[in-house]
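The structure appears right after this line, and notes come after that.
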Amino acid sequence: MEKRKFDVAIIGAGGAGMRAALQLSTAGYKVAVLSKVFPTRSHTVAAQGGITAALGNVTEDNWLWHMYDTVKGSDYLGDQDAIEYMCRMGPQVVYEMEHFGLPFSRLENGKIYQRPFGGQSRNFGGDQATRTCAAADRTGHAMLHTLYQRNIQAKTHFFVEFLAIDLVRDAEGRVQGVVALDMEKGEPLLVEARATLLATGGAGRIFQASTNAFINTGDGLGMASRAGIPLEDMEFWQFHPTGVMGAGVLISEGVRGEGGYLVNGAGERFMERYAPHARDLAGRDVVARAIAIEIHEGRGCGPRKDHVLLKLDHIGKDEILDKLPGIREIALKFAHVDPLEAPIPVVPTAHYMMGGIPTRYRGQVVVPARTGPEEAVPGLYAIGECACVSVHGANRLGGNSLLDLLVFGQAAAEHIVEFLKENPTSPPIRKEGPDLALARLARWERREGSERVADVYRDMQGIMQSHCGVFRRAEVLKEGIVKLEEARQRLDRAAIGDHSKVFNTARVEALELENLMEVAFATIRSAAARTESRGAHARDDYPERDDKNWLKHTLAHGDGTIDYKPVRLKPLSVPSFPPKTRTY
Amino acid sequence: MSAIRWRSRRGMLELDIVLAKFLDRHETRLSEDEVKAYLGLLEYPDAELWDIITGKGEPEEAEEALLELIRMN
Ligand SMILES: Cc1cc2nc3c(=O)[nH]c(=O)nc-3n(C[C@H](O)[C@H](O)[C@H](O)COP(=O)(O)OP(=O)(O)OC[C@H]3O[C@@H](n4cnc5c(N)ncnc54)[C@H](O)[C@@H]3O)c2cc1C
């Protein structure tokens, strides 16, 4: 097997991976970034709404208010040390991107344009704040292109169209790199590194209705899980309130930020009933659940009463085309309506994974060990959507994810620099180091099989959608676990028809499905175990939040067992925000 | 040949859907020139490709016929 040696291997070239890479390459380290797609086609490119930071360009603001909103938004499950760190660093990382050349939209006075987003308040729960910085409706695209250009200048080494298969570890569990599949050649490559950083993004494709691109298959989570690392808080998935009915394509919250609102089958502006103060700009979980209740109770729209409508025509043609330019094309193409004249049919759609690989706020991956619940795995880091640091807790606020990518991309890079200084060399890789990865590749060479990957894929998505969606209940979840177990067994019996080497998409999809399966199991098992409702996890049979028993993080192991660890309620320097009832 | 399948995997779900539909219908019938033109289209950044498909961007002349097929999906 071909082998390459670097100081750091970064898996994933989205906003998180490229932010970290830039820092490390600039510091003079030899950095490899692996990506299964061309870097600027990473999912970060889809982020339209913007990045949240308390710049105070439109309304007076303060990072502590941002912190309060984030803690409250997380339904108090977020770790307050990590949240403090993120909100405090917000303005700095945004100005840094401005300096790198990210073309932000501008206010008349020349400052960075900011728009109001759901869950943002002034003065600890007071009036709406205006905190999300935007580059028109293409913030993610602008961020990714800026970071890519900078990385090229900094001589980051990109391995494009390389699919990471599994981590390579020594006998003590230290991570020493990764085995990847060179998709063009169809051959494995061993990338040896003193530090390995997972930045593989989300896994929204476990659900049938998802706003996520097809590449969001949770590969990093699968790799971590197979390396014996539990997955944290996987029951918490954000359902975006406004995915286009049928297609999943997202209608940005920016639409509601600019004055759009939701109506039910009776033409009622129902959010006034659920969140009298914030209305359509309440937290996403609140709005998604409100829509689900309206539909569930027969107040949906259309002949099947299976969606609600997002109305924006009153905003005015010029304003829509100017402030929300992409929205019209999406509505025309996927909903077949012109939003300048008619409302858009929408449903809650799986959007963001709050859980992930457990990390501390400087990016180190941590696992329970004899010494405590959070012992660092030497040489392994995770950032971005694949990580659970946990700043989003039970529910993420819009615009906080792009912020998370930059803040923890930088923080992890800084910690890696220290780690590399303390570990100038790494022990040689054992002969059996790459075995886990090679066995996975060999498995799909098998020609005999009674099942098709595409069928299992579709069925898994259907099971997750109907058994682990917006509304959850014990019997339904339990039945889902049984069905998912059957699907997993079918995957064991599956084979692919195509055994060619070059760009064998069938093989890639099979490998991706194995990862999705790990994620789906962790999700549904964690959801069945948590008998309370908190943030995005809504149990029909346990409708209340239960701080006495459940103010703790879930850790789902690959073998099916579940552990818990405490929430970090103590911030770094400011007083804690104690749990309160969450109203908007 | 599967390179065109894989490179049709994008960062934007909008493109995933439109391109997958296009390939499902036309992949086996594309001429060599059309495959070349299609691979060329895939080189555009996601946002630009989406603009081109929705009629806002400025594609090359050689890409127009192919775009018509993609837009029909
Ligand atoms: C439609 C949409 C709109 C959004 N809008 C916003 C917004 O306005 N504001 C906001 O804050 N957040 C937004 N989000 C969320 C945010 O975009 C994502 O959480 C964030 O971009 C994830 O970034 P990332 O760097 O962690 O991963 P990604 O950008 O998803 O990148 C993952 C990288 O990992 C690589 N990869 C994955 N698996 C492998 C493998 N096995 N081998 C090699 N490489 C691999 C991929 O090629 C890719 O380069 C939005 C999300 C969606 C779906």
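The values are calculated or read from the model by the stated rules, or taken from the named source; none is laboratory data. Keep in mind the model is a prediction, meaning the values are calculated, not measured. We place every Cβ from the backbone using ideal geometry, glycine too, and count neighbours over all the protein chains shown. Keep in mind that these areas ignore ligands, DNA and RNA; they rest on the heavy atoms of the full protein, side chains included. Shrake-Rupley method; radii C 1.70, N 1.55, O 1.52, S 1.80 Å.
Conditions (1) closer than 30 Å to A:LEU340 by Cα; (2) within 9 Å of the ligand (Cβ to nearest atom); (3) open to solvent by 10 Å² or more (accessible area, probe 1.4 Å); (4) under 17 Å from the mean Cα position of the chain (by Cα), marked per residue:
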{"position": "A:ALA227", "(1), (2), (3), (4)": "no, no, yes, no"}
{"position": "A:PHE236", "(1), (2), (3), (4)": "no, no, no, yes"}
{"position": "A:LEU250", "(1), (2), (3), (4)": "yes, yes, yes, yes"}
{"position": "A:GLU268", "(1), (2), (3), (4)": "yes, no, yes, no"}
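Name, by its number, the condition in (1) within 14 Å of chain A (Cβ to nearest Cβ); (2) surrounded by fewer than 19 Cβ atoms within 10 Å (Cβ to Cβ); (3) of a type outside the set (D, E, K, R); (4) touching a residue at least 12 places away in the same chain (Cβ under 8 Å) that does not hold for B:SER2.
Going through (1) within 14 Å of chain A (Cβ to nearest Cβ); (2) surrounded by fewer than 19 Cβ atoms within 10 Å (Cβ to Cβ); (3) of a type outside the set (D, E, K, R); (4) touching a residue at least 12 places away in the same chain (Cβ under 8 Å) one by one, B:SER2 breaks only (4).
Here are A:ASP127, A:ASP166, A:ASP182: which of them is of a type in the set (Asp, Glu), out of contact with any helix residue (DSSP H, G or I) (no Cβ under 8 Å at 6 or more places or on another chain) and away from chain B (no Cβ under 14 Å)? It would help to see each step written out before you state the result.
On the way: A:ASP166 fails: out of contact with any helix residue (DSSP H, G or I) (no Cβ under 8 Å at 6 or more places or on another chain); A:ASP182 fails: away from chain B (no Cβ under 14 Å).
On inspection, the qualifying residue turns out to be A:ASP127.
Scan A:GLY220, A:GLY254, A:GLY243 and give me the residue that is within 12 Å of chain B (Cβ to nearest Cβ) and open to solvent by less than 10 Å² (accessible area, probe 1.4 Å).
On the way: A:GLY220 fails: within 12 Å of chain B (Cβ to nearest Cβ); A:GLY254 fails: within 12 Å of chain B (Cβ to nearest Cβ).
Criteria check complete, one pass: A:GLY243.
So A:ARG150 passes all but one of these: (1) open to solvent by 50 Å² or more (accessible area, probe 1.4 Å); (2) part of a strand (DSSP E or B). Which condition number does it fail?
Only one criterion in (1) open to solvent by 50 Å² or more (accessible area, probe 1.4 Å); (2) part of a strand (DSSP E or B) is unmet by A:ARG150, namely (2).
Every residue in the stretch A:10-48 that is within 14 Å of chain B (Cβ to nearest Cβ) and assigned to a loop (DSSP other than H, G, I, E, B), please.
Once the filter is applied, which keeps residues that are within 14 Å of chain B (Cβ to nearest Cβ) and assigned to a loop (DSSP other than H, G, I, E, B), the stretch A:10-48 yields A:GLY12, A:ALA13, A:GLY14, A:LYS36, A:VAL37, A:PHE38, A:SER42, A:ALA47, A:GLN48.
Restricting the search to the stretch A:86-127, which residues are among the aliphatic types (A, V, I, L, M) and either assigned to a loop (DSSP other than H, G, I, E, B) or under 23 Å from the mean Cα position of the chain (by Cα) (or both)?
Filtering the stretch A:86-127 for residues among the aliphatic types (A, V, I, L, M) gives A:86, A:89, A:93-94, A:97, A:102, A:107, A:112.
Across the stretch A:86-127, the qualifying residues are A:MET86, A:MET89, A:VAL93, A:VAL94, A:MET97, A:LEU102, A:LEU107.
Does A:GLU414 satisfy being more than 11 Å from A:GLN364 (Cβ to Cβ), away from the ligand (no atom under 16 Å from the Cβ) and open to solvent by 20 Å² or more (accessible area, probe 1.4 Å)?
Numbers: more than 11 Å from A:GLN364 (Cβ to Cβ): yes; away from the ligand (no atom under 16 Å from the Cβ): yes; open to solvent by 20 Å² or more (accessible area, probe 1.4 Å): yes.
Yes.
Within the stretch A:7-64, can you find the residues that are among the hydrophobic types (A, V, I, L, M, F, W, C), within 22 Å of A:PHE159 (Cα to Cα) and away from the ligand (no atom under 14 Å from the Cβ)?
Within the stretch A:7-64, A:VAL8, A:LEU24, A:ALA27, A:VAL31 qualify.
Select from the stretch A:55-84 the residues that are outside any helix (DSSP H, G or I) and either of a type in the set (A, V, I, L, M) or touching an Asp or Glu at 6+ places or on another chain (Cβ under 6 Å) (or both) and write down the one among them that is surrounded by the most Cβ atoms within 10 Å (Cβ to Cβ).
Filtering the stretch A:55-84 down to residues outside any helix (DSSP H, G or I) leaves A:55-62, A:74-79.
Those still in the list that are either of a type in the set (A, V, I, L, M) or touching an Asp or Glu at 6+ places or on another chain (Cβ under 6 Å) (or both) too: A:55, A:58, A:77.
Details: A:LEU55: 19, A:VAL58: 17, A:LEU77: 26.
So the residue we want is A:LEU77.
Which ones in the stretch A:192-217 are part of a loop (DSSP other than H, G, I, E, B), within 11 Å of the ligand (Cβ to nearest atom) and within 11 Å of another protein chain (Cβ to nearest Cβ)? Outline the logic, then answer.
Within the stretch A:192-217, the subset part of a loop (DSSP other than H, G, I, E, B) is A:199-203, A:207-209, A:211-217.
Imposing the further condition that a residue be within 11 Å of the ligand (Cβ to nearest atom) reduces the set to A:199-203, A:211-213, A:215-217.
A:GLY201, A:THR211, A:ASN212, A:ALA213, A:ILE215, A:ASN216, A:THR217, listed by residue number.
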